[in-house]
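Bear in mind that the values in this text are calculations on the coordinates, not laboratory data. Every value quoted in this text rests on a predicted model; they were computed, and no experiment measured them. FYI the Cβ positions are ideal-geometry reconstructions off the backbone, even for glycines, and counts take in every protein chain you see.
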Amino acid sequence: MSDDADTSRTVRVFISYSHDSDEHRANVLGLAQELRRAGVDAWIDQFVEANPPLSWPLWMNEQIEQSDFVLVVMTETYERRFMNRESPGLGLGVRWEGAIITDALYRAVSDRVKFIPIVVRPSDSVYIPPPLRLTTWYDIGTIHNRHLEPLLRHLLNQPAVVPEPVGPVIALEPAGSVREAEDSQRVIAAALARAKAGDRNGARADLEALLDGVPKETAAAAAYNLGLLWQEEDAYSNSITAYQRAIELLPGSPTAEAAINNLQIILQVMNAHYGPEGPVYAARQWLQLIHDGAIRRAWELVYRDTRLALVQAWIIANESHPSLQGVDRDDLASKLSQAKPTHVLSRAFLATQLNEFENAFQAYDDETWGAAEKPRRFGLDLELVILMMTGGGAIIWEPGAAAPAIQLVMKREAGGWYVASFLPEIMVPGWPPTSRPLPGLKKQED
């Protein structure tokens with residue numbers, strides 16, 4: 001047993017999981033009971049369901065704060081809800097816990113790992129979200145095929161391997177390591193200069209060549225700078241991978257600390273882009289409303305100038321219809337373009353508009369389409385959201401990509417995001433309505 005092991009106090013653990021199925025609930029319950037029998041004070045929501053708390057979110061927060069460790073049981077459903085990609089109204093417990101966990105990770109001041117990902121099968125490890133990928137995960141198996149020893153050693157601080165006592169320092173002959181390190185540092189400096197000169201692909205290739213077969217200090221520095229280059233391009237997945245490599249190579253070093261700080265910045269940016277207050281979430285919500293046929297709610301989430309331009313185009317296309325004869329088209333356009341139109345023609349107009357939206361976006365499926373990873377911002381209040389069939393993940397989209405894509409220009413106003421266009425342009429009301437390019441579009445695409 002480790003000299004540092006503390007068996008004088010009981011370790012408290014909270015288990016966070018999604019209610020995927022009765023079988024999964026039973027498996028998690030069995031895990032909690034097995035941990036308790038092993039001396040761990042494990043808690044799950046099933047222990048208090050017979051006498052539920054007044055506020056489940058408050059109870060969850062208290063459980064997380066009072067626990068020494070939080071075991072996060074990762075499944076595809078849990079990951080979808082944790083990352084706020086679930087349909088509205090589903091998985092609220094996991095969403096609350098995910099928000100609490102993410103906030104706790106941002107504010108963490110201790111080096112001790114509190115949130116531990118676990119899976120019941122190794123294949124579920126792909127669903128561990130970015131905020132939890134920085135630590136070790138455990139495969140615990142199922143009720144009849146359980147293997148808890150590695151996890152219990154972690155929870156109880158009883159390592160399987162104990163280090164030998166440190167002996168006297170031995171004298172070694174000088175070698176060429178100093179010169180090799182200096183040469184590697186020169187390669188890193190040259191790669192950064194190459195990136196600054198515009199050859200970012202070549203710079204990344206030079207840094208990637210230093211990730212293996214060199215001293216750990218050099219490889220960690222190369223990985224960190226590779227992460228910086230990817231971060232500058234908003235390529236979050238590649239940047240996270242590079243920073244994780246730097247942390248793994250040289251844990252506790254200044255390089256690792258800098259990588260951890262940058263990872264926290266990336267997570268904040270990703271939350272602003274993908275989170276409930278961001279443009280990607282708003283775009284996906286709007287497309288889901290169209291998929292559900294909820295045109296009146298979807299119409300409210302269209303930007304006001306865009307609503308007016310769409311109404312004007314409809315009036316022009318139907319100007320010979322008897323219902324529009326003798327009608328002041330400016331007055332009609334003003335009334336139909338309201339967020340909640342009540343004009344007698346609003347039903348006909350919205351039915352036509354829904355049909356056009358459904359035809360345009362019929363391929364979209366919230367479960368299999370994901371957002372392009374790189375944010376494409378145009379000023380402070382415009383962002384182009386690009387969605388493609390990715391299996392629900394994030395991708396790096398570039399102009400000219402062959403796969404089908406949906407491009408929605410989102411505009412931020414009054415604290416919310418609205419659909420401003422269905423192409424990378426701005427719709428301009430008028431008779432007829434026109435459009436203009438997004439500000440700085442050519443520079444963004446280049």
With a Förster distance of 25 angstrom and the Cβ-Cβ distance between residue 390 and residue 272, calculated FRET efficiency to the nearest 0.05 equals 0.75
Gyration tensor on Cα atoms of the stretch 178-274, a ≥ b ≥ c root eigenvalues, a/c under 1.5 rounded, else prolate if a/b beats b/c, else oblate, says oblate
Burial-style ranking of 320-332, 369-381, average other-beta-carbon count within 10 Å with highest first, yields 369-381, 320-332
Burial-style ranking of 245-255, 153-163, average other-beta-carbon count within 10 Å with highest first, yields 245-255, 153-163
Residue 37 and residue 358 label points (each 7 Å along its Cα→Cβ direction) are spaced in nm at 5.5 nm
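What FRET efficiency comes out for residue 365 versus residue 264 if R0 is 35 angstrom and r is the Cβ-Cβ distance? Round to the nearest 0.05.
E(calc), rounded to 0.05, equals 0.60.
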note: the stretch 279-445, Cα-Cα separations exceeding 19 Å make up a percent value of 57 percent
The size of the Cβ-based charge dipole (Lys, Arg +1; Asp, Glu -1) of the stretch 178-274 about the Cα centre, to the nearest 20 debye, is 100 debye
Distance in nm between residue 12 and residue 162 label points, each 7 Å along Cα→Cβ, equals 3.0 nm
FRET efficiency for residue 347 and residue 46 from the Cβ-Cβ distance with R0 = 56 Å, rounded to 0.05, comes out at 0.70
Which residues qualify? For residue 118, with a placed amide H closer than 5 Å and at least 5 residues away or on another chain, they are 72, 73, 74, 138
Cα-Cα longer than 30 Å, checked against 114/196; 196/374; 340/374, kept in input order, equals 114/196; 340/374
Ranked from fewest to most other Cβ atoms within 10 Å of their own Cβ, 147, 343 fall in the order 147, 343
